[in-house]
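Worksheet: the structure to be examined is printed underneath.
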Amino acid sequence: MGRTIIGKVRDGVWQLNEENYVDSWLVTGSNEAVLINSLQYNTDLYDRIRSITDLPLNVLLTHGHGDHAGRSLEVFAHHDVPVYMDPADGFLTGGLSFHPLHEGDLFDLGDTVLETISCRGHTPGSAVFLDREREYLFSGDSVGSGGFWLQLPHSLPLASFREELIKLMKITENMKDLRIYPGHRYQSPVQLNRQYLNDELDLINDLINGKETNKTDVMTAVGQEIVFARAHRGLLLDFLYDPEKLV
């Protein structure tokens, strides 16, 4: 079981951090609650959440990687808690059953509404959840956490992710106080905000347009060797991408 620390961030929002590595977020309203992602190794997450709230609960997954769709999912299923994920990421989860998640799906918690926005790139089914009223964006790995992996074999090309990022930025363009709550909070020394999205888009534009190139390296991940290049820009401190999948 991963050591998990739970802390209240602000009214109706709790951060659940496992081993100072991966984060999930509990959001409560007046009528319902949602858990965004389920950590990795923790198996008592259901009981920990029930110590905070007894509201009807849904689990929302930003994507299917095991550090965000972890061992507690079976416990939630045992307690008949619905789990939602984009079906495009089903191949990552080993056959577990999910309710399909789609662009535009709304989760009305009573005085708090979360809107599903597809943000495909890190994985084919990545999504974020936006609280428009409070200007909170719960993003998992969909836009990174200060570091961002877009070099995995199943990651989409940079140009495809750029279109998703532009869509997200248009949706949030009037949110001057946007706060991003990502999947690996430790990766950034500052609170991520709209400037982070601007830096990400600027870097990706330069990479696609050939204004920046970087040396390649090799890493082992998802059971295989992966060739990647590394870049950074502003608040985006470490961006890994496949130089052969720019467009």
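Note down all Cβ pairs under 8 Å where the first residue falls in region 208-230 and is in contact (Cβ under 8 Å) with a residue 60 or more places away in the chain, the second is aliphatic (A, V, I, L, M) and part of a loop (DSSP other than H, G, I, E, B), and they're at least six residues apart or on different chains.
Qualifying pairs under 8 Å: A221/L152; V222/L152; I226/L152.
Looking at (1) farther than 20 Å from N193 by Cβ; (2) of a type outside the set (V, I, T); (3) crowded, with 21+ Cβ neighbours inside 10 Å, find the lone condition where P153 falls short.
(3)
Among the residues of region 175-234, count how many are in contact with a helix residue (DSSP H, G or I) (Cβ under 9 Å, 6 or more places away or on another chain) and at positive phi.
Residues meeting the conditions: 1.
Looking at the structure I just gave you, is L109 touching a Gly at 6+ places or on another chain (Cβ under 9 Å), of a type outside the set (D, E), more than 23 Å from G2 (Cα to Cα) and in contact (Cβ under 8 Å) with a residue 60 or more places away in the chain? Explain how you work it out, then say what you get.
Working: touching a Gly at 6+ places or on another chain (Cβ under 9 Å): yes; of a type outside the set (D, E): yes; more than 23 Å from G2 (Cα to Cα): yes; in contact (Cβ under 8 Å) with a residue 60 or more places away in the chain: yes.
So L109 passes the test.
Residue under question is F148, and the condition is that it be part of a strand (DSSP E or B), out of contact with any Pro (no Cβ under 6 Å at 6 or more places or on another chain) and either over 21 Å from R230 (Cβ atoms) or hydroxyl-bearing (S, T, Y) (or both); does it hold?
Criteria not met by F148.
Name every residue in region 195-247 that is closer than 14 Å to L150 by Cα, assigned to a loop (DSSP other than H, G, I, E, B) and at pLDDT 95 or above, in order of residue number.
D242, P243, E244, K245, L246, V247
Return the residues of region 104-113 that are surrounded by 14 or more Cβ atoms within 10 Å (Cβ to Cβ) and either in a helix (DSSP H, G or I) or out of contact with any Lys or Arg (no Cβ under 9 Å at 6 or more places or on another chain) (or both); say none if nothing qualifies.
Result: D105, F107, L109.
When P87 is evaluated against the numbered criteria (1) touching a helix residue (DSSP H, G or I) at 6+ places or on another chain (Cβ under 9 Å); (2) over 14 Å from N37 (Cα atoms); (3) at pLDDT 95 or above, which criterion, by number, is the only one it fails?
Checking P87 against (1) touching a helix residue (DSSP H, G or I) at 6+ places or on another chain (Cβ under 9 Å); (2) over 14 Å from N37 (Cα atoms); (3) at pLDDT 95 or above, the one that fails is (1).
Which one is surrounded by the most Cβ atoms within 10 Å (Cβ to Cβ), of the residues in region 6-54 that are touching an Asp or Glu at 6+ places or on another chain (Cβ under 8 Å) and free of Cβ contacts under 8 Å to residues at least 40 places away in the same chain?
By that ranking, first place goes to L39.
Residue by residue, here is whether (1) more than 14 Å from the chain's Cα centre (by Cα); (2) in contact (Cβ under 8 Å) with a residue 12 or more places away in the chain; (3) crowded, with 21+ Cβ neighbours inside 10 Å; (4) not in a loop (DSSP other than H, G, I, E, B) holds:
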| residue | (1), (2), (3), (4) |
| --- | --- |
| D80 | yes, no, no, no |
| G90 | yes, yes, no, yes |
| G94 | yes, no, no, no |
| H102 | yes, yes, no, no |
| G121 | no, yes, yes, no |
| G125 | no, yes, yes, no |
| E133 | yes, yes, no, no |
| S142 | no, yes, yes, no |
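Name the single residue that is farthest from W25 (Cα to Cα) among those in region 200-220 being among the acidic types (D, E) and surrounded by fewer than 17 Cβ atoms within 10 Å (Cβ to Cβ).
Applying the first criterion (among the acidic types (D, E)) to region 200-220 yields 200, 202, 206, 212, 217.
Narrowing further to those that are surrounded by fewer than 17 Cβ atoms within 10 Å (Cβ to Cβ): 202, 206, 212, 217.
Details: D202: 28, D206: 33, E212: 35, D217: 33 Å.
This residue is E212.
Please specify each residue of region 176-194 satisfying the condition of being in a strand (DSSP E or B) and either buried (at least 20 other Cβ atoms within 10 Å of the Cβ) or without any contact (Cβ under 8 Å) to a residue 40 or more places away in the chain (or both).
I180, Y181, P182, L192 - these are the residues of region 176-194 that are in a strand (DSSP E or B) and either buried (at least 20 other Cβ atoms within 10 Å of the Cβ) or without any contact (Cβ under 8 Å) to a residue 40 or more places away in the chain (or both).
The values are calculated or read from the model by the stated rules, or taken from the named source; none is laboratory data. Everything numeric in this text was worked out from a predicted model, so none of it was measured. So basically every Cβ, Gly included, is an ideal-geometry build from the backbone, and we count neighbours across all protein chains shown.
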